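Colleague: I'd like to ask you about the structure that follows.
The values are calculated or read from the model by the stated rules, or taken from the named source; none is laboratory data. All of these numbers come straight from a predicted model, not from anything done at the bench. All Cβ positions, even for glycine, are placed from backbone atoms using ideal geometry, and neighbour counts span all protein chains on display.
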Amino acid sequence: MNGYRRFIAYVYEYRNGRKAENCGFIKLEVREGKCTMEIHLHEEKQMEHCSIYGFIRKEGLILGIWLGSLQISRDPAVNVLKADAGNMGDAGVGLDQLCGMILETDTGAFMGTQWDDLPIRPDHFQKLEKNEQTGQNEGVLAEISERKQESEKQENEQQKNEKQENEQQKNKKQDNEQQKNKKQENEQQQEGEARKESKGRELQAESIQEEAEESPALFPDCDQCWRICPGDLRQICRKNCVYCNNRFLQHGYSHFGYILLCRETDGQYILGVPGIYDQQERFMAEMFGFPWFKEWPLPGIKNGKSGYWYRICAPCEMLLDSRR
C-alpha cells in the first residue's frame, strides 16, 4: 500500500431496490498509505448531507464501514475524505479488501459503486457500528447474518407460495375452460337432439296413430288405445315424462316390447303396463304407482292371469291434435 494508485468508480442511484441512472463518480487516490476519496455528484445531489461507507461482503450481506460524512458542495475540492488505506474507517480492513462504497443522503437517496463482479442489493445493506468495525462484538455480525438468513427463508417461502398459487390458478383456469367446453358440447348435443325430436314428432304421432288402429279398446269407456314405448311419453306429453324411468313400467316394457296408452270418451287418459297378476307383481305395481289390474289375454302367457296394470295419467293433447 506504500505505492501510488489511482482509479475512478462510477456512482449509480438505486430506487426501489433497482439500479437506476448514473449520478456521479468517486476518484480514489492512494499515496504513501493514505487514501483520498474525492466525491463528485450531479447537481441535483449537491448541497445534501451525505454519509459515506466502504463495504465488504459476508454471507450474502453488504456490511457498511462508516468512512465519514460530507455536505456535498459544488466545489469538488471540498468533497474530500481521507483514510488510512490499510485500515479504512479504523475497521482493520484495507482498501484492497473493500468491494465498493455506499452513499446515503438525509433525504433518503441510496447510491453505490462496486468494483467487484457482484451487484449491489440495497436490502442486503447493513451498517456496522463502531464496536462492530473494531471487532469488539463478533456476536452482532452473527445476529445480522441470522436475521438475513431468516429474511431469505421467508422470501423463499413467499415465492414458493406464490408459485403454488399461480399453479392452482392455472389449473383452475384449465378446469374452467374444460368445463365450459364440455358444457358447450352438451348444449350443442341437447340442441341437436331437441331438433331431431321436434322434427320427428309428427312422424311419431302418425306412427302411434297407426298403431292405435291395431289395438282393441281395453276399457268399456275407451274410444282408442295406443301401443307405445316409454320414449314416446316425452314427445306426446311432457307431464307424463316422470313415468319414462319408472322401474315397473320399464320392467313390463322389457318383457312385452310396449306399454299401453288409452283415451276414454270423457278425455281422461289411462297408462297400462302389460304383465301378470300375482301377489308379488301386485306388490311391485302398487309400490310404483300402478294400483289397478285389468285382465286381458296376452300372447305367450299360458299360466296365470295376464292383463294390464294401469293408472290415470295426464291428458295427451298431441294425440288429439294429430287426429284433427
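Colleague: Kindly indicate which of 109, 85 is in contact with a helix residue (DSSP H, G or I) (Cβ under 6 Å, 6 or more places away or on another chain), among the small types (Gly, Ala, Ser) and at pLDDT 90 or above.
Modeller: Checking each option against the conditions leaves just 85.
Colleague: Among (1) in a strand (DSSP E or B); (2) of a type outside the set (D, E, K, R); (3) exposed (fewer than 13 other Cβ atoms within 10 Å of the Cβ), there is one condition residue 54 misses while meeting the rest; what is its number?
Modeller: Of everything listed in (1) in a strand (DSSP E or B); (2) of a type outside the set (D, E, K, R); (3) exposed (fewer than 13 other Cβ atoms within 10 Å of the Cβ), residue 54 misses just condition (3).
Colleague: If I ask for residues that are under 13 Å from residue 309 (Cβ atoms) and either part of a strand (DSSP E or B) or modelled with pLDDT under 90 (or both), which ones from region 263-287 would you list?
Modeller: Within region 263-287, 270, 271, 272, 273, 274, 275, 276, 277 meet the criteria.
Colleague: Does region 218-231 contain any residue that is at pLDDT below 85, within 24 Å of residue 307 (Cα to Cα) and touching a Phe, Trp or Tyr at 6+ places or on another chain (Cβ under 8 Å)?
Modeller: Checking region 218-231: at least one residue is at pLDDT below 85, within 24 Å of residue 307 (Cα to Cα) and touching a Phe, Trp or Tyr at 6+ places or on another chain (Cβ under 8 Å).
Colleague: Oh, and also: Looking at this structure, is residue 253 at pLDDT 90 or above, over 16 Å from residue 300 (Cβ atoms) and surrounded by 16 or more Cβ atoms within 10 Å (Cβ to Cβ)?
Modeller: Details: at pLDDT 90 or above: yes; over 16 Å from residue 300 (Cβ atoms): no; surrounded by 16 or more Cβ atoms within 10 Å (Cβ to Cβ): yes.
The answer is no for residue 253.
Colleague: Looking only at region 71-82, count how many residues are modelled with pLDDT under 90 and either surrounded by 15 or more Cβ atoms within 10 Å (Cβ to Cβ) or assigned to a helix (DSSP H, G or I) (or both).
Modeller: 2
Colleague: What are the residues in region 277-297 that are over 59 Å from the mean Cα position of the chain (by Cα), farther than 18 Å from residue 222 by Cα and surrounded by 15 or more Cβ atoms within 10 Å (Cβ to Cβ), if any?
Modeller: 277, the sole residue that qualifies.
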